[in-house]
Each structure stands twice: as C-alpha cells, then as structure tokens.
C-alpha cells in the first residue's frame with residue numbers, strides 16, 4: 001500500500017470516526033440527561049421539605065424564620081432537579097468521544113473486530129510490515145460497509161418509575177400544606193393583599209384580641225411577638241396580655257417545653273435562675289398583677305380547684321420537681337420559688353416578702369382543703385419534706401455560694417450528676433479471677449562472659465613424705481586387742497623395711 | 001480499493017498456511033478425541049504460540065489421550081512421564097549410570113531422562129513431590145536441563161503438556177506458583193456433551209483402533225511460531241492486555257473490588273506476554289492480521305486463571321479465579337488512543 005493509499009484510507013477512517021463520534025456524543029448526552037432525569041425526582045422534595053420544616057419551626061415559635069411567598073416556593077421547587085440535570089448534561093458533553101472509540105463502536109456494530117480501529121492506529125503510527133499492510137488492506141475492504149452503518153443505538157426511553165411520581169406528588173402535597181402549618185402568618189403577611197392562602201384558625205384567634213384592642217397592622221403584631229426578650233419589660237401590658245392569652249389557650253406539651261427553652265418562654269415564665277437575671281423580676285410582677293386581679297372574686301374556689309388539680313398531678317409532677325428542671329417550671333405561676341427550694345435557694349431568689357406570705361397562706365389552705373377532700377384517711381403526699389435541691393445551675397446570686405462543698409448541694413466543683421456521682425470515691429482494685437498462677441514470669445537473661453576457674457591439680461607422683469610434724473592427732477579409743485594387733489602389724493612392717501634396706505645396701 | 005502489495009500478499013499467504021496447519025492437526029486429533037473442540041483449540045494455540053499447557057479435569061475425560069494424539073499428529077519426539085510420589089528429579093532429567101565398557105571395565109555414562117523430547121506429557125504432575133516438579137522449571141523456561149556439570153539444550157519445538165486431577169487431592173502436591181506461572185494456558189476440561197458420548201463409545205470400544213498419522217512436523221511448528229510473532233499488536237490492545245494483568249493485582253488502579261478483597265497474588269508480566277502471544281494466534285485463526293481486544297478477551301481465562309492466587313477469605317467465600325477474571329474483564333475497558 002502506497003503512502004497516498006494510506007492517506008486516503010486515513011481520511012476515510014477519520015470521516016467515519018467523525019460521523020460516528022458525533023452520533024455517539026449525541027447519544028451519550030441524551031443518555032446522561034435521561035439518567036439524570038430519572039434520578040433527579042427526589043430532588044423535587046428538597047425545597048418543599050425545607051419549607052415544611054421551616055413552617056413547623058415557625059409554628060413552634062421560632063420567630064426568626066420567615067417563609068418566602070408561596071409562588072416563589074412553587075418556582076424554586078424544581079430548581080435543584082434542574083440544576084442536577086444540567087450539570088450531568090454538561091459533564092456528558094465535556095467528555096467527547098475520541099476517534100479510536102468511535103471507530104471501535106463502528107467495528108463493534110459491523111462485527112469487524114477492531115479492524116478499523118487498528119488500521120487507524122497503524123496509519124497514525126506509520127507502522128510498516130507485511131502483516132500491517134495486510135491489516136490495512138483488510139480494513140479497506142470493510143470501509144464501504146462502515147460508511148453507512150448507523151452507529152449508536154439511540155437514547156433509551158425515559159423510564160419514570162412510581163417512586164419518581166411519588167416524589168412529585170409528595171412535593172406538591174408538601175407545598176400545598178406549607179401555608180397551613182404555622183408558616184401561614186408569614187406567608188399571609190407577604191400575600192395579605194393578594195389573598196393567596198387562607199390563614200389557619202389558630203393564628204386568627206390569637207391575633208384577634210390585639211386587633212380589637214389596638215388595631216395595629218398584623219405585621220406589627222407579629223413583629224412584637226418576635227421581639228427579643230430584652231425588650232419585653234418595656235411593654236408590661238403586652239406581656240401580661242400575652243400571658244393571659246396563653247393561659248386561656250390549651251397548649252401542647254411541645255409548646256410548653258419550647259417555652260421553657262426558647263428565649264420567649266424564658267422571658268414570659270421566668271424559669272431558670274441561671275438565666276439572665278434581668279428577666280426574673282418581670283414575671284413576678286406579671287403573675288402578681290394577674291393574680292391580684294383574680295383573687296378578690298374567686299380566691300377560695302380557685303384554691304380548691306388548684307389543690308385538687310395539684311393532688312391529681314402530684315405523682316406525675318414529682319419526678320420533675322425532684323429534677324433540677326422544676327426550678328424554672330415551678331415558677332411559671334409567677335413565683336421564682338421552687339416548692340423544693342432550700343434555705344440557700346430561697347436566698348438566691350429575688351422574691352418580695354408579700355409574695356412569699358401569699359404563697360405560704362395558699363399552701364396552708366390547700367393542705368386543709370385536701371385533707372377534707374380525702375377525709376383525712378390517705379397519706380398526705382405533700383406532707384413529705386421537699387427533696388434536697390440538687391439544682392446545680394442555681395448560683396448564689398452573681399457570687400459564689402459560701403456553702404458550696406461539692407457534695408450534693410449547689411456545687412462549684414461537681415458539674416454533673418448521675419452515674420458519675422454514684423462512683424465510689426475509694427477505688428476498688430480489679431481482680432482477674434481464675435488465674436492459678438501469679439501471672440507472667442519475667443525472665444531476664446544476661447550475657448556473662450565465662451570466667452576461667454583455675455584449680456590446682458595435685459600430682460600424685462610429686463607427693464613426698466611429710467617434712468614436719470603433723471601435730472596432735474586424735475586417737476580413737478580402740479580395744480586392747482586391736483591396739484595390740486596394730487602395734488604388732490607396724491612393728492612387723494618396720495622390721496621388714498629395715499631388712500630390705502640392709503639387703504639393698506649390701507648389693508653392689 | 002488499492003492493489004494488494006507484495007508484503008500484504010506474503011502475510012496473507014503465511015496466515016492462510018497457519019490456519020491450514022492448525023486445521024490439519026486439529027482434524028487429526030479429532031479423529032481420536034470426540035468433541036472438546038475448545039480444549040483442542042486451546043492446546044493447539046499454546047503449541048503454536050510456543051507455550052506450555054496444563055490440562056485439568058476429572059479422570060476419564062481424555063486429557064492424556066489428547067496430548068498423546070497431538071504428539072502423534074505432529075511428527076516430533078514425544079515422551080510421557082507418569083508422575084508418582086517417589087519420583088526423583090534424576091528420573092526425569094537423567095543421571096549418570098555405570099555401564100560396561102566393551103574392552104572390559106565400567107564407565108559413567110549420562111542417561112538422559114524423558115524430559116528430553118519435543119512434546120512431554122507430564123501426566124498427573126501434582127502427584128510428584130515439589131522437588132521433582134521443580135526439575136521442570138528450567139526445562140520449561142529456558143529450554144535446557146542442567147545435571148551436574150552437564151547442560152543439555154532441548155530441541156525446539158519444546159512443549160510440556162501436563163495433566164492434573166482437581167479431585168483426589170490426598171497424596172498430591174499442589175504446584176508452586178513459580179511452576180504454574182510457566183504454563184501459558186491452564187485449560188479446564190469439562191464433560192463431553194450428551195450427543196458426543198455415543199461417538200466416544202463407538203471409537204473406543206470397537207475392534208478397530210483409530211490410528212493417527214503425522215500431519216505436521218517440528219520444523220513446520222517452528223515456522224508457524226515465527227508467523228505468530230509477526231502479527232502486529234496495536235498499542236490500545238497492548239494497553240488493554242496490560243490493564244487486564246494489572247487488574248488482577250490487588251491494590252492496583254484497575255483492580256475491581258473483588259480482586260482487592262479476595263486475591264492474594266495477581267498475574268505477573270508473564271501473564272501479559274501470554275495474553276499477547278495467545279491473542280496473536282487467535283487473530284490469525286480468525287483471519288485477521290492484527291490482534292483485537294476480542295482476541296485478548298477470548299484467551300484471558302485460560303491465560304490468567306492459574307496465575308491468580310485467591311486468598312483465604314476468597315476461598316471461604318467460594319471465589320474462583322475464573323470469577324476474578326470475569327470481574328477484571330468487566331472492570332477494564334478498552335483504552336483509547
């Protein structure tokens with residue numbers, strides 16, 4: 001194959017690759033878009049869910065939140081899904097199909113087993129050789145078929161599942177109920193003139209007294225409701241009215257708890273002594289004013305009712321009172337004094353003497369009333385001594401409690417109770433049972449250089465007769481016959497020795 | 001279309017001759033072996049590519065007969081070694097023995113073992129001890145045998161075809177990885193199809209014994225091996241084979257999760273060599289003049305399965321080397337240039 005033939009073949013292969021690549025690019029983009037659409041359905045729920053949660057928070061009293069207008073929510077709902085789809089589409093368009101891949105797709109479509117792709121590479125590399133030439137010629141023979149073969153199977157049909165429709169329906173449903181879940185005030189405030197959504201009944205009932213009394217715009221009423229607590233003492237009338245309204249309305253447990261947690265609840269009910277001190281005086285005044293307004297008319301009856309209610313609620317309230325949380329809740333009636341407050345805690349509280357007297361009188365009356373109601377037969381639950389107040393949060397004014405010793409009372413040292421306070425002060429050593437041996441034995445090996453130990457050897461041949469006296473020797477006591485026998489033996493030996501010496505000296 | 005160049009004509013002729021030789025040998029073998037076409041193709045592919053083959057299958061499937069048939073179909077020196085546990089390396093390599101001299105007296109003479117041949121059937125290779133199995137290492141890789149101070153160069157074509165039984169593992173010695181890696185193919189021999197049983201019975205239980213004539217020769221096999229090595233390999237196919245091999249190695253970029261979790265040892269560069277060589281044979285047999293990725297995929301199992309060592313967790317989970325190869329094939333895409 002000549003060079004011009006190679007160039008022609010390369011050009012044809014490039015044209016085929018370009019055509020196939022464009023088709024594959026389009027298919028790939030469409031496929032990516034389809035897959036993105038199929039997976040983007042849950043994203044439709046993002047905005048409605050957030051709007052719903054915000055509406056719940058607004059309904060629960062979090063007045064710092066505001067919902068956007070309902071039409072804007074409607075417009076924003078598909079936005080995350082659209083962004084997701086567009087991003088996927090952009091990514092798919094960015095990854096272009098290369099020539100090799102395109103020719104590989106043509107090969108696969110025509111069942112050419114990489115003939116075209118290999119030929120393109122051989123031409124690009126300018127590879128030579130018999131088998132390369134044969135491969136190029138082989139590829140050239142299949143070009144006609146590759147020219148017209150449609151590449152790419154086209155984008156698959158969009159397959160939306162029930163889950164996707166469910167997400168869409170849930171999004172619509174959430175959007176529809178958002179205005180009715182507490183956020184209606186905000187939504188309606190924005191859309192007051194447009195009348196988009198009807199306000200929920202509760203909100204209207206709450207707003208009516210203000211509207212009748214002062215007839216301000218509703219937005220102002222809402223703004224007053226979300227004022228921070230530091231501004232509350234400046235408007236005692238509003239506070240007392242709000243208190244009265246809350247007393248009239250049945251509140252859910254959730255609302256009661258949130259009143260104790262949020263800044264609004266704390267300012268209105270004056271609960272925690274560890275909170276801001278400026279809020280403490282206000283509830284007392286509020287409670288006193290409201291109580292003074294009620295007492296002259298129906299004090300006695302109210303006392304009875306209250307006593308009965310308290311007796312019924314005593315078992316339920318007892319654990320709460322024993323916990324530190326009751327310090328704040330107990331003062332919800334207007335007093336900061338906890339029923340279980342001890343001497344130091346009463347010192348801590350800022351309470352007027354008049355109020356204390358009133359409370360004491362009421363409690364005494366209640367006790368007599370309760371005894372009458374039960375016929376004096378049942379034990380008086382309220383006779384029990386108040387438990388030791390272990391409210392660690394209660395300080396001694398702004399200063400330290402002089403009685404603080406860190407043992408059960410208001411402590412400067414111990415900041416937690418529960419399991420940690422039950423741990424014994426004396427540590428108990430752990431023992432591992434069932435071990436017969438004392439444990440691991442540590443064996444230390446030391447490397448010691450061997451020392452030479454010299455022992456004087458005794459040469460038996462060098463031994464000679466004793467040169468000097470051996471000193472006194474102990475003589476064992478022998479029998480007379482044995483002594484005679486030994487003497488005779490040694491005398492005989494001496495005689496023999498003397499004889500042998502004489503013989504040796506006689507020999508030349 | 002441009003006129004066919006002389007070079008191209010030469011290549012086409014060589015390729016046609018290659019297919020013709022292959023078909024001749026295959027036809028001769030198929031006179032004895034019924035069915036098992038894929039096994040015959042794989043064994044001949046390894047023979048023509050210059051590699052060694054391990055046949056694994058339960059007893060009675062014709063593994064030994066297949067190798068013997070190839071040895072008869074190709075006119076080359078054929079030897080058979082029945083591996084036993086008490087066999088020693090000297091039994092297969094050869095050793096020096098004392099022989100009587102004509103003029104009287106004795107002398108040491110080297111008696112070469114059965115390893116010195118062109119086609120060696122190592123029957124039930126896993127029954128020999130690793131010491132004896134290791135005697136094959138040098139012969140398979142370097143085509144020579146060293147005994148004492150003597151080195152014997154083995155004549156080409158040289159091919160070891162071994163068989164082993166996947167069951168009856170008692171009293172056997174699994175081949176070490178170094179030994180396994182030297183085999184180009186590990187072919188799994190399966191049961192014949194139902195309609196093949198009748199032909200098997202007729203051929204093996206009749207009065208007339210089937211005789212195979214030699215249809216090829218050693219030099220012809222060597223010529224075909226030269227043709228195989230002439231087939232060009234595009235870079236993308238080469239990269240694909242490399243990625244496949246690397247994909248079997250745990251912790252590599254191309255390894256799928258199955259490999260990372262269940263493989264202790266992946267294929268070596270010898271695996272990539274095997275893929276390319278076997279792919280070339282496949283391309284020639286398919287009538288093409290260059291290797292395609294399909295050729296690599298077609299031989300991937302036979303080339304890679306014995307080079308993958310499944311770890312303890314994989315064995316406990318029942319992960320087989322073939323499943324690992326499947327996972328690698330699914331993960332590795334054809335690289336684009």
Original post:
Only one of (1) more than 18 Å from the chain's Cα centre (by Cα); (2) more than 14 Å from every other protein chain (Cβ to nearest Cβ); (3) within 28 Å of residue A:101 (Cα to Cα) fails for residue B:293. Which number is that?
Top reply: (2)
**OP:** For residues that are assigned to a loop (DSSP other than H, G, I, E, B), on the phi < 0 side of the Ramachandran plot and surrounded by fewer than 20 Cβ atoms within 10 Å (Cβ to Cβ), scanning just the stretch B:296-323, find the one that is nearest to the other protein chains (Cβ to nearest Cβ).
**Re:** B:320
Subject >> Hits in the stretch A:115-147 (condition: buried (at least 24 other Cβ atoms within 10 Å of the Cβ), touching a residue at least 60 places away in the same chain (Cβ under 8 Å) and at the interface with another protein chain (Cβ under 10 Å from one of its Cβ atoms)) >> reply: A:119, A:120, A:133, A:136, A:137, A:139
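Which residues, taken from the stretch B:241-264, are under 22 Å from the mean Cα position of the chain (by Cα) and either closer than 25 Å to residue B:118 by Cα or away from chain A (no Cβ under 14 Å) (or both)?
Across the stretch B:241-264, the qualifying residues are B:242, B:244, B:245, B:246, B:248.
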Original post:
Do we find that residue B:11 is touching a residue at least 12 places away in the same chain (Cβ under 8 Å), buried (at least 21 other Cβ atoms within 10 Å of the Cβ), in a helix (DSSP H, G or I) and touching a strand residue (DSSP E or B) at 6+ places or on another chain (Cβ under 6 Å) in this structure?
Top reply: no
Subject >> Condition check for residue A:152: under 28 Å from residue A:37 (Cβ atoms), at pLDDT 80 or above and away from every other protein chain (no Cβ under 11 Å) >> reply: no
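So, in the stretch B:183-205, of the ones that are touching a helix residue (DSSP H, G or I) at 6+ places or on another chain (Cβ under 7 Å) and assigned to a strand (DSSP E or B), which residue ends up farthest from residue B:43 (Cα to Cα)?
Among those residues, the one meeting the criterion is B:183.
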Original post:
Of all residues in the stretch A:98-114, which are in a helix (DSSP H, G or I), buried (at least 18 other Cβ atoms within 10 Å of the Cβ), without any contact (Cβ under 8 Å) to a residue 40 or more places away in the chain and more than 7 Å from chain B (Cβ to nearest Cβ)?
Top reply: A:107
Original post:
Only one residue in B:278, B:223, B:300, B:267 is at pLDDT 90 or above, under 22 Å from residue A:134 (Cβ atoms) and in contact with a helix residue (DSSP H, G or I) (Cβ under 6 Å, 6 or more places away or on another chain), so which one is that?
Top reply: B:278
Original post:
Which members of the stretch A:88-97 meet the condition of being assigned to a helix (DSSP H, G or I) and touching a residue at least 12 places away in the same chain (Cβ under 8 Å)?
Top reply: A:88, A:89, A:91, A:92, A:93
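Out of the residues in the stretch A:21-38 that are more than 13 Å from chain B (Cβ to nearest Cβ) and within 16 Å of residue A:104 (Cα to Cα), state the one that is surrounded by the fewest Cβ atoms within 10 Å (Cβ to Cβ). Even if it seems obvious, please write down each step before you answer.
Kept after step one, since they are more than 13 Å from chain B (Cβ to nearest Cβ), are these residues of the stretch A:21-38: A:22-23, A:25-38.
Then drop every residue that is not within 16 Å of residue A:104 (Cα to Cα), which leaves A:22-23, A:25, A:27-28.
Numbers: A:22: 15, A:23: 19, A:25: 17, A:27: 19, A:28: 17.
Result: A:22.
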Subject >> Which numbered condition residue B:96 misses (of (1) over 25 Å from residue B:277 (Cβ atoms); (2) under 16 Å from the mean Cα position of the chain (by Cα)) >> reply: (2)
Subject >> Hits in the stretch B:225-240 - residues which are in a helix (DSSP H, G or I) and within 14 Å of chain A (Cβ to nearest Cβ) >> reply: B:226, B:227, B:228, B:229, B:230, B:235, B:236, B:237, B:238, B:239, B:240
Original post:
Restricting attention to the stretch A:68-97, which residues are buried (at least 16 other Cβ atoms within 10 Å of the Cβ) and either within 14 Å of chain B (Cβ to nearest Cβ) or closer than 15 Å to residue A:27 by Cβ (or both)?
Top reply: A:88, A:89, A:92, A:97
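Out of curiosity, is residue A:10 within 14 Å of another protein chain (Cβ to nearest Cβ) and touching a residue at least 60 places away in the same chain (Cβ under 8 Å)?
Values: within 14 Å of another protein chain (Cβ to nearest Cβ): yes; touching a residue at least 60 places away in the same chain (Cβ under 8 Å): yes.
Criteria met by residue A:10.
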Original post:
When you scan the stretch B:248-275, how many residues do you find that are without any contact (Cβ under 8 Å) to a residue 60 or more places away in the chain, surrounded by fewer than 22 Cβ atoms within 10 Å (Cβ to Cβ) and under 30 Å from residue B:18 (Cβ atoms)?
Top reply: 3
Original post:
Of these, B:154, B:244, B:184, which one is crowded, with 16+ Cβ neighbours inside 10 Å, within 30 Å of residue B:265 (Cβ to Cβ) and at pLDDT below 90?
Top reply: B:154
Original post:
Across the stretch B:324-336, what is the total count of residues that are surrounded by fewer than 16 Cβ atoms within 10 Å (Cβ to Cβ) and either in contact (Cβ under 8 Å) with a residue 40 or more places away in the chain or not in a helix (DSSP H, G or I) (or both)?
Top reply: 3
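The values are calculated or read from the model by the stated rules, or taken from the named source; none is laboratory data. Because the structure is a prediction, the values reported are computed rather than measured. All Cβ positions, glycine included, derive from the backbone under ideal geometry; neighbour counts span all protein chains shown.
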